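All remarks here apply to the structure that follows.
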Amino acid sequence: MSSGAVAAILSGLATSLGALPFLFVRDLGRRTHDGILGLGAGLMLAAATLGLLGEAVRGVREAGGLDVTRLVLVVAGFSVGVAIAAAMDRFIPHHHAGGHHQHLGHEPGHDVHDRAAHDGEEDARRRAARRAYAVVGALSLHRVPEGLAIGAGFAVPGASHIGVILAIAVGVQNVCEGIVMSAPLRASGVSARRGFVIVALTGLTIPVAAAAGQALAGVAAVTMPFVLALAGGTLIYVTSNEIIPESHSHGNEGTASAGLVCGFLLTMLLEAVL
């Protein structure tokens, strides 16, 4: 088994670390959660900019000239990556931070608790379970670009450390997503053991997507700038549109920002050392 496959599997398994506390409790402190989200955001932003995009634009200027073809591939790849992430955000059901548009079948501002009072506690529990599973499914699909990014990082000739950095960054973010998925499952009445198994299994998305990303990037060397920029664009969009707003939506902006700075700094150090 290649080092890229091992790193992707470990990154995917990190999801179970986020689910682990919910074997014993129903929820975690919001400040802790937002700090972890901020750390993951910093790691992913730095991995996308210093790693993926930095490698993608390398060689655009060679021997004093401009490689127009490579530059076009980078711009096109970044644009396509952002477009893919935006389309997933638009069409895949999921929750956003407070005040952000939602896609789970009810209008923003509609009071779920009022409906539960009218329809009965049992119906409310079933609706909560459906929403919880929708969150799990949506976040699983949202991991596809992250897995592609890891695979693309390991496909860079002589620079597999980019894949390692991305695997660490995505792994930390997966811990956060494990928390995000586990909390509604437990709140909807799913047993601790069943919830843990469900969330842990969603981590399989990462190694599968990573294998696809590595194969895609390895098809031809000329496609490498496009694939790297595509992966970088998706990570930046997801971080900006999903993770940062969520970490800042509960009054813990300072904690989340401190986590982001620490995550970015940690990735800088990893880049320098590796």
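The values are calculated or read from the model by the stated rules, or taken from the named source; none is laboratory data. The shown structure was predicted, so the numbers you read here are calculated from the model rather than taken from an experiment. Neighbour counts are summed over all protein chains in view; Cβ atoms, including those assigned to glycine, are modelled from backbone coordinates with ideal geometry. Accessible surface is based on the protein model in full, side chains and every heavy atom, while ligands, DNA and RNA are left aside. Shrake-Rupley method; radii C 1.70, N 1.55, O 1.52, S 1.80 Å.
The figures follow:
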read-out: In Å², nearest 10: area of Leu148 left accessible to a 1.4 Å probe; value: 50
read-out: Residue-level accessible surface for Arg194, protein heavy atoms, 1.4 Å, Å²; value: 140
read-out: Inter-site label distance for Arg90 and Leu204 at 7 Å from Cα along Cβ, in nm; value: 3.1
read-out: FRET efficiency, 1/(1 + (r/R0)^6) with R0 30 Å, evaluated for Ala215 and Ser79 via beta carbons; value: 0.85
